[in-house]
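The values are calculated or read from the model by the stated rules, or taken from the named source; none is laboratory data. Only a predicted model underlies this, so the values are computations on that prediction, with no experimental measurement involved. Cβ: placed from backbone, ideal geometry, glycine included. Neighbour counts: every protein chain shown. Quick note on the areas: whole protein, heavy atoms, side chains included, nothing else; ligands and nucleic acids left out. Shrake-Rupley method; radii C 1.70, N 1.55, O 1.52, S 1.80 Å.
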Amino acid sequence: MENKKYALKAYILRKQIFAVLFLLCVFGYSGINVWYGGDQWAAAVKDSFAGSLEENATLESVPGIIQNVVSALDESIISSMYGRMEFIETYSYIQVLLDKREFNNFSYIKDEDGYLHYASFFREDTIDAEEYARRLRRLQDCVEKNGTKVLFFVTPGKYVRGETNFRTGMPVNDPDVIVDETLFYMNRYGIETVDCREYIPNEELSIQDAFFKTDHHWTIPAAFVATQVLVEQMNEKFDAGFDPDGFYMDPAQYERVTYRRGMLGSMGRKTGANFSGLEDFEALWPKFENRYDRHCMGVTDVTQHFRGDTTQSLMDMDVLLEHDDIYSDSQYSLYLNGLRPYETIINEDNPDGPKIFAIRDSYFSPMMVFLAPMCGQIDAIWSLEESHVLDIESYVKENKFDYIIMEIYPYNINGDAFNFFKEEQG
């Protein structure tokens, strides 16, 4: 009997010791996270609360404000979790050992060439493509009195039917139906359009060369081809007169440099390098010189100023020089820091050149660098920017441009990207 009591006490003691050690680990790790990311959490809560309050400060909006703050805090805690990438890489390696092609419950899937894609089992949201076209038409009607020409430019997606191969049953997110519907209504409402899917991929540029394996972005050579298409189409549609001698759109005027195994895109950072692998990054460096004066909005609405030649003003060399942390940023950010909410670029060598306003996403960053030598000024606002400092509708009313280009990536076609001219103009 005594032996049974002793065994029971020993069993309970082991459970108690385990519970104490487990709780110490949990609370200890929580304490480390508070110390490690507390400032970031506080900033996220502050920004979310200030933004929500500015949008709607009525008593009825309090639950929504609280929900926004909690969501912002939750997202900040996850993104700043101590050792987060070590956990991701461990999980990533297990998926490789299991020879899996999907990651994190089909958040991402991998094709048979090793390229990561978005997954989707069904079309979640019903887009209002006709309303988007009406909004862009209202913008066009507003600026046409100034002689401003408007163009809608849609980029290709990473998935191409008939060329991208998956294992049986992989539910790839195919945006072609959304793009087709949007272009239909744009044309119906008299908006000039360019469907870049017609040009990329092509015989010289395969889909594998046009996109990164670990990122949703296109490669820099693909962005250059898209710029050639844009220049050609603007000259054809608007008689714009861009690059009449073909100098700036000549590939021979750029030096191609390949940086080995330094590229890990946003998809790769979500799945881990073990699952996605690292890849090469090819940059195009101009052989000619131009001087620019650039102002852009950085984090927390702080304005940054750069002045000098192309590499000094338009390109972020740090992403090529700093290899200590491949998870901090991708080498795609070489061009215009990847994406800033607001940009204005003045070409000091061509002050009388065309003035362009771009409503754009991150796909347009390298294209803006390639367009800059042919322009006098390029202003740009991120179409999905939630900053309360910027307003696309007010901006086009208060400034005069020769051309307005709305560039959009297929997966960004939604109501948030067309957050302007929602009402009929009086």
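The packing ranking of peptides 352-362, 256-266, highest mean first, is 352-362, 256-266, where packing means the average number of other beta carbon atoms within 10 angstrom of each residue. In terms of the mean number of neighbouring beta-carbon atoms within 10 Å, the peptides 327-338, 185-196 order highest first as 327-338, 185-196. Ranked by the mean number of other Cβ atoms within 10 Å of their residues, highest first, the peptides 246-252, 400-406 come out as 400-406, 246-252.
Based on the Stokes-Einstein relation at 4 °C and a viscosity of 1.567 mPa s, and on the Kirkwood radius from alpha carbon pairs, region 173-309 is assigned a translational diffusion coefficient of 71 µm²/s. When the chain is treated as a Gaussian network with alpha carbon springs shorter than 10 Å, the biggest mean-square fluctuation among Phe22, Phe166, Phe106 belongs to Phe22.
Springs join every pair of Cα atoms under 10 Å in this Gaussian network model of the chain, and among Tyr292, Tyr363, Tyr29 the largest mean-square fluctuation is at Tyr29.
If you average the alpha carbon positions of region 215-293 and of region 157-173, how far apart do those two centres end up, in angstrom? If you average the Cα positions of each part, the centres end up 24 Å apart. What's the angle, to the nearest 10 degrees (0 to 90), between helix 84-97's Cα axis and the longest principal axis of the chain? Tilt relative to the chain: about 90 degrees. Of the residues Pro341, Gln312, Gly262, the one whose Cα sits farthest towards the positive end of the charge dipole of the chain is Gly262 (charges of +1 on Lys and Arg Cβ, -1 on Asp and Glu Cβ, taken about the Cα centre). Remark on region 110-242: ratio of C-alpha radius of gyration to 2.2 N^0.38 Å is 1.20.
For region 321-398, what percent of Cα pairs sit more than 14 Å apart? Tail of the P(r) past 14 Å holds 65 percent of the pairs. Projecting the Cα atoms of Pro175, Leu23, Gln208 onto the charge dipole of the chain, computed from C-beta unit charges around the Cα centre, puts Leu23 farthest toward the positive end.
Just so you know, the Cα atoms of region 112-186 work out to an Rg and Dmax of 16.8, 54 Å.
Remark: C-alpha extents of the chain on the principal axes read 100, 55, 44 Å, sorted largest to smallest. List the lysines whose Cα lies under 27 Å from the Cα of Lys400, skipping any in the same chain that are fewer than 8 positions away. Of all the lysines, those that pass the test against Lys400 - Cα under 27 Å, at least 8 places apart if same chain - are Lys145, Lys149, Lys237, Lys355, Lys422. Cross-link reach is defined here as a Cα-Cα straight distance under 27 Å, omitting same-chain residues fewer than 8 places apart; for Lys213 the lysines meeting it are Lys100, Lys110, Lys158, Lys270.
Report the local net charge at Glu282: Lys and Arg +1, Asp and Glu -1, summed over other residues whose C-beta lies under 12 Å from its C-beta. Around Glu282, the charge tally is -2.
Every Cα-Cα pair in region 78-136 was counted, and those over 13 Å apart are 73% of them. In the context of the full set of protein chains, the chain has a per residue accessible area of 52 Å² (1.4 Å probe).
Please compute, over every Cα-Cα pair in region 260-321, the percentage with a separation greater than 20 angstrom.
Numbers: 928 of 1891 pairs.
Value for region 260-321 (Cα pairs over 20 Å): 49 percent.
If you restrict to DSSP beta bridges whose two residues both lie in the chain, what percentage is antiparallel, to the nearest 5? That works out to approximately 60 percent antiparallel.
Each residue of region 368-426 gets 123 Å³ once the volume of the Cα convex hull is shared out per residue.
Given the Cα-Cα distance of Glu398 and Ile32 and 0.36 nm per residue of separation, how much length would full extension add, in nm? Intermediate results must be reported in sequence, preceding the final value.
Values: separation 366, 0.36 × 366 = 131.76 nm, distance 4.90 nm.
So the chain would gain 126.9 nm between Glu398 and Ile32.
Protein heavy-atom surface of region 291-426, 1.4 angstrom probe: 43% of the accessible area is carbon and sulfur, with nucleic acids and ligands not counted. Here the Kirkwood formula, the inverse mean of 1/r across different C-alpha pairs, assigns region 270-381 a hydrodynamic radius of 14.9 Å. Summarised in one figure, the compactness ratio Rg/Rh of region 150-211, Cα atoms and Kirkwood Rh, is 1.03.
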